[in-house]
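J.: Dropping the structure in here first, questions after.
The values are calculated or read from the model by the stated rules, or taken from the named source; none is laboratory data. All values derive from a computational prediction rather than experimental measurement. Virtual Cβ from ideal backbone geometry, glycine too; neighbours counted across all protein chains shown. Keep in mind that these areas ignore ligands, DNA and RNA; they rest on the heavy atoms of the full protein, side chains included. Shrake-Rupley method; radii C 1.70, N 1.55, O 1.52, S 1.80 Å.
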Amino acid sequence: MRLIAAVWLVSTVGWCQLPKENVRFVLIKKQKMGVSSGYKKMAIGYEVLYGITDKAQVNDAYEAGIFFQKGAKQAKAGRYLFPKFEKQKLKEDDLERDEFMDGLINANNELRRLLENTEPGEIRRKVLMSLYVQFPYHTPTILAAARNERHLGQSFVADQLVRYVDKLETSPAFWPLLIAKAEMARDGGYLENAIDILLEAEKLYFSSNPSSELIRTWTSERNDANGKPEALAELGDIEGLKALGKKNHEALFQIGRVYEKRGLKINAKDAYMDAFKYGEDRAYHALTAARKVVINVSELDGMARTAKKLADEGVEDPHILTMAAFDQKYDQAERIEKLESVVSRYPDFDEAQSKLLAAYRSSNQVVQLTQLCKTMIERNPSQENVQIAIRYLVNQGSLQEAVTVYKKFLGNYRHEPHYLGVGRMLHQNGSASIDPELSQRLAYELIREGLACAKRFDFERGAAFTDQAKELWPEQPDLALLTANILKNGGKSAQALPHYEESVERHPDSAPLFELLGDCYYASDQLNNAIEAYESSQSLDPSRALLPFKIKDAKKQRNKKVGATVVAVLSVVGGGASMSSGNISFSFRVPINAGRTSATTFGMGDQGQDGPASGYGVEETAPLLKDLFSAYLDLEEKYAIP
């Protein structure tokens, strides 16, 4: 059923989840809606402004913008991206040359063209990234990226993008954002909440709004799941699970799963214990599940006593026997003996082996611990088993053995975070003295993964990886600049600030770098520092077109003593104009270069290209990253998986 729903979402909500193209303002401004008058005006403004693709309709869009402003004032809405529209501009015959409208029309057109000509997936991701960099505050583009990431199974990234849009727009008036938030809730196992959000979106009666169809589809999916505990748990439908009966052990177990997924450990433990109480053969796996979410030590002791009692009664279940070994009546030697018995009788039960490893370590039985580590990974070299073995070997001082195991068994998992995390742990414990190349290889993998994350819109995680690479590759100090560029492209200017400060010290003659530093100071409300950085950039390169505006704007904000943090104007080669709207500074007019490489390269170039890409914004720092890029390609040639 989930597959059917996913197909429906792609086909019906796919690119259609946009305002209707070129809707006439005069035809919809009197339309009745189920929201307050202020939000109604804003909703109509959104519908026209994000639907305009024809320059002949600029006048319609401008009137909708004025209508939008009235609604925002009436609704006391403090978050939206559109600049101030002035009535006198309607009397002038130059709206087609209006820079904001020109950028907005370009963004709307490019997004529709992209969604019409690509299928959800990796190719669409690359083109969306390129479009996002050109129009960083065009929220329909960000929401399209979120839907594409969800299609690719990247729910965390999709959720981050939706939350970002929620900070930019006034959600009660913008139905695409409401639908995106509903999709996020449904994906997180909150179907009831998701339908409630859709009911709010349904109050905005636009023909382009698919919320009614979504409500019918999701309600039908919930009805189809009735009587099926696993399906109901997948939807997060706790009420549906409870309706299956107070003593239905499978339903109770699935309720525990839902609560555990939501982080409600006490509720999860209670549900699991009820499942254990009413289940056939006492549903021993439910007792184990309950033990994993318990936060009270006394309850752990009680569960161990229960398990021992069952074991004494002759229950032959590895979950019960493992838990029984932790009854307080046993000393450490007896506990180890019990666990060794479970491991011997149930060699495929990983939990007992993990508990036995911990017992060996606490009693300092190094030989037994090392042997069990080898046995675990020889029998089942899963990522989890290998990680457990390596960590125990390191803790026991067997670093050489740990490095050998790491290289032998985790080599096939180089694209997994586990490989990177365990590798960093080995490096921190001195693996470079045993295998100097290991640190280099890890640095390459961290940069590769960082760039990969950033190119799928997971900017913070990407920056975290490249920042970690600095620890392993200290002779490449410009990794700080790469990290800063990734954060800046992700709208995280304040977080990029310390990295740009470090980079400016290294490159004091770079005008683009000083301008980016100024943008970050501006975003952090450090206006005096922003002005100083902008002026330094201007003294290095007086031809930079946006600097006079930025300096004037920063001084104006400083003089007004505005306390709220504002989003910095994106520096764009080719020009652009910033327009202030409430607490957001916004640059929309960015030229589109169809010949540009597919995705932003954060100043360092794509793998496989001949050299660093040049361009706009952070791409102007490419010459500063030339040496890093060259060294990175050398590592790629040496370590990349074929």
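J.: Take the residues in region 510-549 that are in contact with a helix residue (DSSP H, G or I) (Cβ under 7 Å, 6 or more places away or on another chain), acidic (Asp, Glu) and open to solvent by 10 Å² or more (accessible area, probe 1.4 Å), then tell me which one is farthest from Thr621 (Cα to Cα).
T.: Glu535
J.: Tally up the residues in region 433-459 that are among the charged types (D, E, K, R), part of a helix (DSSP H, G or I) and under 18 Å from Gly153 (Cα atoms), please.
T.: First pass over region 433-459, keeping only residues among the charged types (D, E, K, R): 435, 437, 441, 445, 448-449, 455-456, 458.
Next, from what is left, pick out any that are part of a helix (DSSP H, G or I): 437, 441, 445, 448-449, 455.
From what's left, under 18 Å from Gly153 (Cα atoms): 449, 455.
Residues meeting the conditions: 2.
J.: Restricting region 135-163 to residues that are in contact with a Gly (Cβ under 8 Å, 6 or more places away or on another chain) and open to solvent by less than 10 Å² (accessible area, probe 1.4 Å), which is nearest to Ile52 (Cα to Cα)? Full working, then the answer.
T.: Residues of region 135-163 in contact with a Gly (Cβ under 8 Å, 6 or more places away or on another chain): 135-136, 147-148, 151-152, 155, 159.
Cutting the leftovers down to open to solvent by less than 10 Å² (accessible area, probe 1.4 Å) gives us 135, 148.
Working: Phe135: 16, Asn148: 23 Å.
Looking at residues that are in contact with a Gly (Cβ under 8 Å, 6 or more places away or on another chain) and open to solvent by less than 10 Å² (accessible area, probe 1.4 Å), I get Phe135.
J.: Which of the following residues is touching a His at 6+ places or on another chain (Cβ under 9 Å) and open to solvent by 10 Å² or more (accessible area, probe 1.4 Å): Ala452, Ala463? Working first, answer last.
T.: Working: Ala463 fails: open to solvent by 10 Å² or more (accessible area, probe 1.4 Å).
Of the residues listed, the single one that is touching a His at 6+ places or on another chain (Cβ under 9 Å) and open to solvent by 10 Å² or more (accessible area, probe 1.4 Å) is Ala452.
J.: May I ask you to list pairs of residues, at least six apart or on different chains, whose Cβ atoms are under 9 Å apart, with the first in region 327-352 being in contact (Cβ under 8 Å) with a residue 60 or more places away in the chain and the second being open to solvent by 40 Å² or more (accessible area, probe 1.4 Å)?
T.: What qualifies is Glu351/His319.
J.: Being of a type in the set (Lys, Arg) and modelled with pLDDT of 85 or more is the requirement here; does Arg441 meet it?
T.: Values: of a type in the set (Lys, Arg): yes; modelled with pLDDT of 85 or more: no.
Against the criterion (of a type in the set (Lys, Arg) and modelled with pLDDT of 85 or more), Arg441 does not qualify.
J.: Any idea which residue in region 187-207 is nearest to Met42 (Cα to Cα), counting only those that are at pLDDT 90 or above and of a type in the set (D, E, K, R)?
T.: For region 187-207, the residue satisfying everything is Lys203.
J.: Which of the residues belonging to region 295-330 are outside any helix (DSSP H, G or I), small (Gly, Ala, Ser) and surrounded by fewer than 16 Cβ atoms within 10 Å (Cβ to Cβ)? So that I can check it myself, show each step before the final result.
T.: So in region 295-330, the residues outside any helix (DSSP H, G or I) come out as 295-296, 313-317, 325-330.
Still in the list and also small (Gly, Ala, Ser): 314, 325.
Within region 295-330, just Gly314 meets the criteria.
J.: Related question: From the list Leu232, Leu244, Leu252, which residue is surrounded by fewer than 20 Cβ atoms within 10 Å (Cβ to Cβ), over 30 Å from Tyr46 (Cβ atoms) and either among the β-branched types (Val, Ile, Thr) or touching a helix residue (DSSP H, G or I) at 6+ places or on another chain (Cβ under 8 Å) (or both)? Explain how you work it out, then say what you get.
T.: Details: Leu232 fails: surrounded by fewer than 20 Cβ atoms within 10 Å (Cβ to Cβ); Leu252 fails: surrounded by fewer than 20 Cβ atoms within 10 Å (Cβ to Cβ).
Being surrounded by fewer than 20 Cβ atoms within 10 Å (Cβ to Cβ), over 30 Å from Tyr46 (Cβ atoms) and either among the β-branched types (Val, Ile, Thr) or touching a helix residue (DSSP H, G or I) at 6+ places or on another chain (Cβ under 8 Å) (or both) holds for just one of Leu232, Leu244, Leu252, which is Leu244.
J.: So how many residues does region 359-390 have that are under 15 Å from Ala333 (Cβ atoms), small (Gly, Ala, Ser) and surrounded by fewer than 15 Cβ atoms within 10 Å (Cβ to Cβ)?
T.: Result for region 359-390: 2.
J.: Right, another one. Hey, could you check region 49-61 for residues that are farther than 20 Å from Trp175 by Cα and touching a residue at least 40 places away in the same chain (Cβ under 8 Å) and say which is most open to solvent (accessible area, probe 1.4 Å)?
T.: Filtering region 49-61 for residues farther than 20 Å from Trp175 by Cα gives 54-60.
Now drop any that are not touching a residue at least 40 places away in the same chain (Cβ under 8 Å), which leaves 54-55, 58.
Values: Asp54: 72, Lys55: 88, Val58: 5 Å².
Out of the qualifying residues, it is Lys55.
Results for (1) modelled with pLDDT of 90 or more; (2) at negative phi; (3) crowded, with 17+ Cβ neighbours inside 10 Å, shown as yes or no for each residue.
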{"residue": "Asp93", "(1), (2), (3)": "no, yes, no"}
{"residue": "Phe100", "(1), (2), (3)": "no, yes, yes"}
{"residue": "Asn108", "(1), (2), (3)": "yes, yes, yes"}
{"residue": "Arg112", "(1), (2), (3)": "yes, yes, yes"}
{"residue": "Glu116", "(1), (2), (3)": "yes, yes, no"}
{"residue": "Val133", "(1), (2), (3)": "no, yes, yes"}
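J.: Can you list residue pairs whose Cβ atoms sit under 8 Å apart, with the first residue in region 626-642 being more than 21 Å from Asp478 (Cα to Cα) and the second being modelled with pLDDT under 80 and surrounded by 14 or more Cβ atoms within 10 Å (Cβ to Cβ)? Count only pairs 6 or more apart in sequence or on different chains.
T.: Correct list of pairs: Ile641/Arg414.
Residues checked against (1) in a helix (DSSP H, G or I); (2) within 27 Å of Tyr284 (Cβ to Cβ); (3) in contact with a Pro (Cβ under 8 Å, 6 or more places away or on another chain):
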position: Ala194; (1), (2), (3): yes, no, no
position: Tyr205; (1), (2), (3): no, no, no
position: Ser208; (1), (2), (3): no, no, yes
position: Gly227; (1), (2), (3): no, yes, no
position: Ala233; (1), (2), (3): yes, yes, no
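J.: What number of residues in region 494-509 are part of a helix (DSSP H, G or I) and either over 30 Å from Asp166 (Cα atoms) or open to solvent by 10 Å² or more (accessible area, probe 1.4 Å) (or both)? Lay out the reasoning, then the answer.
T.: At the first step, the residues of region 494-509 found to be part of a helix (DSSP H, G or I) are 494-506.
Still in the running and either over 30 Å from Asp166 (Cα atoms) or open to solvent by 10 Å² or more (accessible area, probe 1.4 Å) (or both): 494-495, 497-499, 501-506.
The total comes to 11.
J.: Show the residue pairs meeting these rules: Cβ distance below 8 Å; 6+ apart or different chains; first residue within region 67-92 and touching a residue at least 40 places away in the same chain (Cβ under 8 Å) and over 15 Å from Tyr46 (Cβ atoms); second residue of a type outside the set (Asp, Glu) and outside any loop (DSSP other than H, G, I, E, B).
T.: Lys84/Gln69; Lys84/Met579; Lys84/Ser580; Lys84/Ser581
J.: While we're looking at this one, here's another question. May I ask you to verify whether Leu199 is more than 19 Å from Gly51 (Cβ to Cβ) and open to solvent by 50 Å² or more (accessible area, probe 1.4 Å)?
T.: Numbers: more than 19 Å from Gly51 (Cβ to Cβ): yes; open to solvent by 50 Å² or more (accessible area, probe 1.4 Å): yes.
Against the criterion (more than 19 Å from Gly51 (Cβ to Cβ) and open to solvent by 50 Å² or more (accessible area, probe 1.4 Å)), Leu199 qualifies.
J.: Here is a follow-up. Which one is nearest to Asn109 (Cα to Cα), of the residues in region 27-65 that are in a loop (DSSP other than H, G, I, E, B) and among the hydroxyl-bearing types (Ser, Thr, Tyr)? Before you say what the answer is, go through the steps one by one.
T.: Of the residues in region 27-65, the ones in a loop (DSSP other than H, G, I, E, B) are 29-36, 50-54.
Then drop every residue that is not among the hydroxyl-bearing types (Ser, Thr, Tyr), which leaves 36, 50, 53.
On the way: Ser36: 31, Tyr50: 10, Thr53: 5 Å.
Selected residue: Thr53.
J.: Please state which one of Glu384, Glu449, Glu401 is closer than 22 Å to Pro318 by Cβ and acidic (Asp, Glu).
T.: Working: Glu449 fails: closer than 22 Å to Pro318 by Cβ; Glu401 fails: closer than 22 Å to Pro318 by Cβ.
Glu384 is the lone residue from the list that is closer than 22 Å to Pro318 by Cβ and acidic (Asp, Glu).
J.: Please go through region 240-289 and pick out each residue that is without any contact (Cβ under 8 Å) to a residue 12 or more places away in the chain and on the phi > 0 side of the Ramachandran plot.
T.: Gly245, Gly263
J.: Filter region 391-409 down to the residues that are open to solvent by less than 60 Å² (accessible area, probe 1.4 Å) and outside any helix (DSSP H, G or I), then identify the one that is nearest to Gln332 (Cα to Cα).
T.: The residue in question is Gln396.
J.: Then there's this: Would you be able to tell me the number of residues in region 62-71 that are open to solvent by less than 40 Å² (accessible area, probe 1.4 Å) and under 33 Å from the mean Cα position of the chain (by Cα)? Reasoning before the result, please.
T.: Our first condition is that a residue be open to solvent by less than 40 Å² (accessible area, probe 1.4 Å); within region 62-71, this holds for 62, 64-68, 71.
Adding the requirement that they be under 33 Å from the mean Cα position of the chain (by Cα) leaves 65, 68, 71.
The total comes to 3.
J.: If you don't mind, there's one more thing I want to ask. Could you please let me know if Glu445 is touching a residue at least 12 places away in the same chain (Cβ under 8 Å) and closer than 17 Å to Ala484 by Cα?
T.: Working: touching a residue at least 12 places away in the same chain (Cβ under 8 Å): yes; closer than 17 Å to Ala484 by Cα: no.
No, not satisfied.
J.: Quick check on this structure: which one of Tyr534, Tyr500 is among the hydroxyl-bearing types (Ser, Thr, Tyr), in contact with a Lys or Arg (Cβ under 6 Å, 6 or more places away or on another chain) and at pLDDT 90 or above?
T.: Answer to the check: Tyr534.
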